[in-house]
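So the structure is just underneath, and the comments pick up after that.
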Amino acid sequence: MHEIVAERHLKSSIASANEREGEDYYFVSPSLFQKMVERGEFLEWAEVLGNRYGTALDSVNKLTSKGIDLILDIDTQGAKKVMKKVDQTVLIYILPPSLEVLRERLVKRGLDSPEMIQLRLASARRDIEEAHWYHYLIVNERIEDAIEKLKAIIIAERCRKVKDSILEEKKREWEEHHGKNYS
C-alpha cells in the first residue's frame, strides 16, 4: 500500500496565533527564504497575500524516492510551477460550493480581519479562473464527501500509473506459458 503525505511548506512570515512550527509550516526568515530561492531549493514558491510560501525540493525528493504520494496544498501559481518540473503531476482543484460559503467559512474560522477576508476572496476568484486546466475538480460541500472523492482520485491515478507495467508483466507471463501465439 502506498503512503500519502501532506507536505508542509516553508513560510517566510511571522506565525499567526493558530499556526504551529512543524505542523502547519516550517518558518524561516525572509533572508533565508530568499537565499533558498536563489539556490533553487524550492520545487515551487510564491508570494500570496503578503507572505512567501515554498515547497522544499529536498523534502519532496526524499519522500518521492520512497514511493510516497504527496499532496501539496498550493495555489495556482505553485501548481503551474510543479507541472513544469514534475512528470505525472496530478492537479486537483478543491472548490468551495460558492464564494458566499467560502466567506462564511473564513468568518467562522475567526482567524482573519474583514480586510484579509476580502483579500482572500479576491484571490480565490482569481484562482477559480485558473481551475479549468486542473485534471480534477472537487466541490467541497461536505468535508467527508470531498475526502472520499480525493481518495477515489488517488486510487484511480495509482492504477493508471502502473497499467503499462502490469500489461507488460502479464504479457511476459502468458508468453512463457503459452508462447507468442497465446489465443
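The values are calculated or read from the model by the stated rules, or taken from the named source; none is laboratory data. None of these values were measured; they are calculated from a predicted model. A quick note on method: Cβ atoms are made from the backbone with ideal geometry, for glycine too, and the neighbour counts reach across all protein chains shown.
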With (1) without any contact (Cβ under 8 Å) to a residue 60 or more places away in the chain; (2) part of a helix (DSSP H, G or I) as the list, and residue 157 as the residue in question, which single condition is left unmet?
(1)
What's the total number of residues in region 126-144 that are in contact with a helix residue (DSSP H, G or I) (Cβ under 7 Å, 6 or more places away or on another chain) and modelled with pLDDT of 95 or more?
4
Scanning for something assigned to a helix (DSSP H, G or I), surrounded by 12 or more Cβ atoms within 10 Å (Cβ to Cβ) and touching a Ser or Thr at 6+ places or on another chain (Cβ under 8 Å), does region 136-154 turn up at least one residue?
no
All conditions in (1) aliphatic (A, V, I, L, M); (2) within 14 Å of the chain's Cα centre (by Cα); (3) assigned by TED's automatic domain parsing to the domain that holds residue 153; (4) surrounded by fewer than 17 Cβ atoms within 10 Å (Cβ to Cβ) are true of residue 122 except (2)
All but one of (1) free of Cβ contacts under 8 Å to residues at least 12 places away in the same chain; (2) assigned to a helix (DSSP H, G or I); (3) surrounded by 13 or more Cβ atoms within 10 Å (Cβ to Cβ) hold for residue 100; which doesn't?
(3)
